[in-house]
């Protein structure tokens with residue numbers, strides 16, 4: 001699969017099959033992602049991967065934590081509001097998800113259950129946690145974001161599906177001690193990955209992309 005095929009067919013997978021990705025394939029994804037560009041080549045990302053039983057145990061523990069009423073405490077601030085076209089795109093994304101699952105207005109319990117799937121890792125057999133040095137600030141976090149994209153495109157090029165999950169980072173105060181991650185590192189996000197269930201309705205829709213004319217200003 002070439003780059004164009006990988007980037008055009010990558011999507012946020014929200015239902016995985018139980019089959020695990022071979023270790024050699026995971027290592028190839030990591031090796032490819034390691035070529036991500038970074039500020040002064042500092043490569044600030046550190047990656048923790050839980051697979052199989054470790055991923056299932058983590059998903060169960062995180063879901064229980066969220067269900068207990070825990071308050072989100074992300075290491076990196078989440079957006080507080082959305083305006084204009086960004087707000088419209090976010091809304092459209094949510095509408096597509098609920099339509100795919102035939103969840104109507106007022107079905108709050110079904111929405112809540114679907115929200116909890118984030119913490120169940122959408123049944124993914126693997127999850128990668130990406131952290132950044134706390135002292136290095138926004139540009140190190142930006143480098144880690146580039147790494148996340150490289151990881152997902154590398155995965156797709158090898159036939160592996162994935163979804164980047166800020167939802168996991170919302171409870172960084174739970175995740176870091178669970179895995180013994182130092183307070184000196186901030187949790188950027190998780191990436192759940194595996195082989196997507198192509199038959200599940202939630203994996204049938206695709207979000208749109210703005211035309212170049214909407215996002216690029218030319219000066220000549």
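Any read-out appearing in this document is the output of simple, stated calculations on the displayed coordinates, not a laboratory observation. Being a predicted model, the structure only gives us computed values, none of them experimental. In this analysis, Cβ positions are derived from the backbone assuming ideal geometry, glycine residues included, and neighbour counts consider all displayed protein chains.
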**Study point:** Mean-position separation - Cα centroids, the stretch 10-36 and the stretch 44-110, in angstrom
**Key:** 20 Å
Practice item. Go through 78-87, 20-29 and give me the packing order, highest mean Cβ count within 10 Å leading. Key: 20-29, 78-87
Point to revise | Taking only Cα atoms of the stretch 3-206, radius of gyration then Dmax in Å | key: 16.8, 50
Point to revise | D_trans [Stokes-Einstein, Kirkwood Rh over alpha-carbon pairs] for the stretch 91-183, 37 °C, 0.692 mPa s, µm² s⁻¹ | key: 210 µm²/s
Review point. Per q in 0.14, 0.17, 0.18, 0.20 1/Å, what log10 I(q)/I(0) does a Debye calculation on the alpha-carbon atoms of the stretch 1-55 return?
Key: -0.58, -0.85, -0.94, -1.10
Review point. Say R0 is 35 Å: what FRET efficiency, to the nearest 0.05, do residue 84 and residue 115 get from their beta-carbon distance?
Key: 0.90
Check your understanding: How much of the DSSP beta bridge set in the chain is antiparallel, as a percent to the nearest 5?
Key -> 95 percent
Review point. Given springs between every Cα pair under 10 Å in a Gaussian network model of the chain, which of 181, 202, 191 has the largest fluctuation?
Key: 181
Practice item. Subtracting the Cα-Cα distance from 0.36 nm times the residue separation, let me have the gained length for residue 95 to residue 9 in nm, one decimal. Key: 28.9 nm
Check your understanding: If you build a Gaussian network model of the chain, linking Cα atoms that sit under 10 Å apart, which residue out of 30, 129, 153 swings the most?
Key -> 30
Revision key, fill the gap. Computed over the stretch 18-109, the Cα gyration tensor eigenvalues, each multiplied by 5 and square-rooted, give semi-axes in Å (largest first) of 31, 23, 18
Point to revise | Per-peptide average of other Cβ atoms within 10 Å, ordering 135-148, 31-44 highest first | key: 135-148, 31-44
Revision key, fill the gap. Distance in Å, no decimals, from the C-alpha centre of the stretch 190-204 to the one of the stretch 161-187 is 21 Å
Revision key, fill the gap. The simple spin-label model distance between residue 149 and residue 135, using points 7 Å out along Cα→Cβ, in nm, is 2.9 nm
Check your understanding: Remind me, relative contact order of the chain in percent, using alpha carbon pairs under 8 angstrom and six or more residues apart?
Key -> 38 percent
